[in-house]
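What follows is a set of notes on a single structure, which appears directly below.
The values are calculated or read from the model by the stated rules, or taken from the named source; none is laboratory data. As the structure is a computational prediction, the values presented were derived from the model and not from experiment. Cβ coordinates were reconstructed from backbone atoms using ideal geometry, including for glycine residues, and neighbour counts include every protein chain displayed. Side chains are part of the model used for accessible areas, which takes the heavy atoms of the whole protein and leaves out ligands, DNA and RNA. Shrake-Rupley method; radii C 1.70, N 1.55, O 1.52, S 1.80 Å.
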Amino acid sequence: DRSPSRGLGDVYKRQALDIIVNDAATGALPYMSRSGGERVKAALSVILALAELKSSTAGVQLGFLFIDEPPFLDDKGVQAYCDALEAIQKRYSSLKIMAITHDPEMKARFPQSVDVVKTAEGSKVIYS
């Protein structure tokens, strides 16, 4: 938040969310000190928890989760990301997950896909 704080003149107040991940193996560590795969799992956990909190507060059931792949994943991180999405799907069997990716390895992990292909006539949507 870059707006001036009331009563503090020209001093700006910055708000941030500090996330500490508590893991049975490594203990409590800041989010940014974790590996790529660990950060993915933590980020997905926070996203899902906030969505679940919001939906229960509004009195609605989660139906869809649209999520983009993180840009910083190595091969191990891609596997951790896919594992986490599969775990979410098992926990919430009625939830439809749309993971946006350009990674062929990630696409191969899931039985259904929607591909958007650029053609001379415009974009074409392929369901498989």
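What FRET efficiency would be calculated for the residue pair Glu121, Thr26, taking the C-beta separation as r and a Förster radius of 41 Å, to the nearest 0.05? Kindly include the intermediate steps, with their values, before the conclusion.
Working: r = 53 Å, r/R0 = 1.28.
FRET efficiency, Glu121 to Thr26: 0.20.
Starting from 0.36 nm per residue, how many nanometres of slack lie between Ser33 and Leu17 once their C-alpha separation is accounted for?
Full extension from Ser33 to Leu17 adds 4.3 nm.
Glu86 accessible area, nearest 10 Å², 1.4 Å probe?
60
Among all the lysines, which ones have a C-alpha under 21 Å from Lys41's C-alpha, if same-chain residues fewer than 8 places away are not counted?
Lys54, Lys76, Lys90, Lys96, Lys107
Of Phe72, Phe64, which has the most accessible area with a 1.4 Å probe, and how do the rest follow in descending order? All intermediate terms of the calculation are to be shown ahead of the outcome.
Working: Phe72 100, Phe64 135 Å².
Per-residue accessible area, sorted high to low, gives Phe64, Phe72.
Please give the charge dipole size of the chain, origin at the Cα centre, charges +1 on K and R Cβ atoms and -1 on D and E Cβ atoms. Round to the nearest 20 debye.
Using Cβ point charges on Lys, Arg, Asp and Glu, the chain gives about 380 debye.
After finding the eigenvalues of the alpha carbon gyration tensor for the chain, what semi-axes result from the square roots of 5 times each, listed largest first in whole Å?
Details: eigenvalues 203, 90, 67 Å².
Working from the Cα gyration tensor, I get semi-axes of 32, 21, 18 Å.
With θ set to phi - 60°, apply the Karplus curve 6.51 cos²θ - 1.76 cosθ + 1.60 along region 29-34 and write out the HN-Hα couplings as whole Hz, x wherever there is a Gly or Pro.
These are the phi-based 3J(HN,Hα) values: 9, x, 3, 5, 8, 7 Hz.
Which percent of the accessible heavy-atom area of region 28-128 goes to carbon and sulfur, probe 1.4 angstrom?
60
Could you tell me how many degrees, from 0 to 90 and to the nearest 10, lie between the Cα long axis of helix 36-58 and the main elongation axis, the longest principal axis, of the Cα atoms of the chain?
Long axis of 36-58 versus the principal axis of the chain: about 80 degrees.
Against the longest alpha carbon principal axis of the chain, how many degrees, from 0 to 90 and to the nearest 10, is the axis of helix 75-91 turned?
Computed tilt is about 90 degrees.
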